[in-house]
Amino acid sequence: MKNNFILISGRPDTGKTELILLYCNQYPETTLLISEEYSEENIRKRGLNKKATVIGQDRFNEMNLSKYKTICIDYVELFDKEILQSIIQKSLNMGIIIIAVTMMRRDFKVNNIFQSIITL
């Protein structure tokens, strides 16, 4: 089983969310977007395809993931650590690609919030 974890990091207002929305629109039926930064209504207003699925982290355990090839997470600092760990581990165990958005600090470093939750 192949595991893929893609991390998109950048300063505020540099297009990180826009990048994952473009990906979701390219593959709307096989990509799940989990967003804590924006409501579904706000994401749809930003141009998310009507066929794409968007949820908050609280609905993840209700989802049947079998049809998804990719899960996009926007953005990781807003997620509960245990829920984020569950999302990552379950997705990677199923061979689902994860694309996660994270904030870059002013010193251009990325917080290593994954060190304690990812065991590959």
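A few notes on this one:
- Odd one out for ARG11, checked against (1) touching a residue at least 12 places away in the same chain (Cβ under 8 Å); (2) of a type in the set (Lys, Arg); (3) closer than 21 Å to ILE96 by Cβ: (3)
- Residues being without any contact (Cβ under 8 Å) to a residue 40 or more places away in the chain and not acidic (Asp, Glu) - total across segment 58-72: 9
- Given (1) within 14 Å of GLU36 (Cα to Cα); (2) modelled with pLDDT of 90 or more, number of the condition TYR68 does not satisfy: (1)
- Residue match in segment 27-41 (condition: of a type in the set (A, V, I, L, M), touching a residue at least 12 places away in the same chain (Cβ under 8 Å), under 30 Å from PHE108 (Cα atoms) and surrounded by fewer than 20 Cβ atoms within 10 Å (Cβ to Cβ)): no
The values are calculated or read from the model by the stated rules, or taken from the named source; none is laboratory data. What you see is a predicted model; the values in this text were computed from it and never measured. Cβ atoms come from the backbone with ideal geometry, glycine included; neighbour counts cover every protein chain shown.
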